[in-house]
Amino acid sequence: MSDSHSVSPTVVLVHGAFADASSWNGVIERLQARGIQVTAPAVPLRGIEIDSAYLVSELEETPGPVLVVGHSYGGAVISNAATQAHNVVGLVFVSAFAPEEGETLDEITPTSKDAVLPTALVPHHYPSPNGGEPLVEFAIDPAKFHNAFAADLPAEQAAVMAATQRPIAEAAFSEPNGPPAWKNLPTWAVVSTGDKAAGADLTRSMAERAGATITELEGSHVIMISQPEAVAGVIEEVLAAVGSTPATVGH
């Protein structure tokens with residue numbers, strides 16, 4: 001015997017560069033309070049190919065349908081990964097990149113007139129896994145972190161974020177992106193009008209190119225931290241739009 005029932009999508013929150021999954025904490029608390037299943041995996045931040053493959057494995061091991069939400073660089077990751085995962089029902093870009101196939105982030109980020117983050121990055125080196133030449137990763141100069149990344153948060157909170165930031169490998173910017181999932185999946189976007197990291201102008205133009213339903217919020221690049229209720233509200237609206245997916249349990 002089989003019993004059919006509807007399964008609501010699990011929300012998978014994907015963090016971006018210079019951050020970790022805790023950047024979604026405020027959103028997670030609000031979604032969980034509404035009975036929404038949510039998870040926020042840790043992205044390696046080692047490059048488009050590695051990070052996307054990692055997320056594919058996370059998505060495929062998540063039971064049932066998933067709604068994937070990406071912040072900043074996480075937008076590139078979800079756009080690549082969701083093309084390969086078969087249980088994704090929609091995409092949400094939050095202050096995020098939505099690159100086209102073949103684009104690299106180091107080519108497109110300088111096109112933003114709003115972004116100041118590129119001038120705030122500091123290169124570091126880490127060992128190559130094969131013992132070759134050291135590889136390059138980038139962090140944000142702590143002195144510039146507040147203004148460039150989180151201007152609408154208290155300076156003390158931004159200082160803690162700067163101290164705990166996770167650097168991102170240069171490969172994340174130089175590796176070309178694959179076919180974007182936004183060409184085949186329903187897409188939404190939250191554009192932060194005061195975004196000086198990715199650049200409000202760039203995230204808006206990418207969201208428009210992706211055919212996303214756009215919500216504009218007044219705030220910095222880390223809008224999910226400064227306005228978690230508003231971002232959670234958008235996600236809840238998207239869940240209502242994608243609906244539940246019929247599933248069969250029992251045999």
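Odds and ends about this structure:
- Of all residues assigned to the stretch 53-61, at least one qualifies as being over 12 Å from the mean Cα position of the chain (by Cα), open to solvent by less than 10 Å² (accessible area, probe 1.4 Å) and closer than 18 Å to residue 98 by Cβ.
- Pair list, Cβ < 6 Å and 6+ apart or interchain, from the stretch 231-244 residues that are within 12 Å of residue 92 (Cα to Cα) to residues that are acidic (Asp, Glu) and surrounded by 15 or more Cβ atoms within 10 Å (Cβ to Cβ): none
- Test: residue in the stretch 133-143 that is closer than 17 Å to residue 222 by Cβ and surrounded by fewer than 17 Cβ atoms within 10 Å (Cβ to Cβ): yes
- Unique match (being closer than 21 Å to residue 126 by Cα and in contact with a helix residue (DSSP H, G or I) (Cβ under 6 Å, 6 or more places away or on another chain)) among 56, 68, 77, 43: 43
- Residue ranges of helices (runs of 4 or more DSSP H) in the stretch 45-144 with at least 3 members over 29 Å from residue 156 (Cβ atoms) and among the acidic types (Asp, Glu): 48-60
- Listed by position, the helices (runs of 4 or more DSSP H) inside the stretch 190-248 whose residues that are out of contact with any helix residue (DSSP H, G or I) (no Cβ under 6 Å at 6 or more places or on another chain) and open to solvent by less than 10 Å² (accessible area, probe 1.4 Å) number at least 2 are 200-209, 228-242.
- Scanning the stretch 158-168 for residues that are in contact (Cβ under 8 Å) with a residue 12 or more places away in the chain and over 16 Å from the mean Cα position of the chain (by Cα) returns 158, 159, 161, 162, 163, 164.
- Qualifying residue in the stretch 8-16 (condition: modelled with pLDDT under 95, assigned to a strand (DSSP E or B) and in contact with a strand residue (DSSP E or B) (Cβ under 6 Å, 6 or more places away or on another chain)): no
- Verdict on residue 78 being in contact (Cβ under 8 Å) with a residue 12 or more places away in the chain, under 20 Å from residue 225 (Cβ atoms), of a type outside the set (Asp, Glu) and buried (at least 20 other Cβ atoms within 10 Å of the Cβ): yes
- Any pair with Cβ under 7 angstrom, 6 or more apart, that starts in the stretch 178-194 at a residue that is under 13 Å from residue 209 (Cα atoms) and ends at one that is in a loop (DSSP other than H, G, I, E, B) and of a type in the set (Gly, Ala, Ser): 180/98; 182/98; 182/210; 187/210; 187/211; 187/212; 188/212; 189/212
- Check on residue 162, closer than 22 Å to residue 48 by Cα, buried (at least 16 other Cβ atoms within 10 Å of the Cβ) and either basic (Lys, Arg) or modelled with pLDDT of 95 or more (or both): no
The values are calculated or read from the model by the stated rules, or taken from the named source; none is laboratory data. Values in this document were obtained by computation on a predicted structure and should not be read as measured data. All Cβ positions, glycine included, derive from the backbone under ideal geometry; neighbour counts span all protein chains shown. We work out accessible area using only protein heavy atoms, side chains counted, and drop any ligands, DNA or RNA first. Shrake-Rupley method; radii C 1.70, N 1.55, O 1.52, S 1.80 Å.
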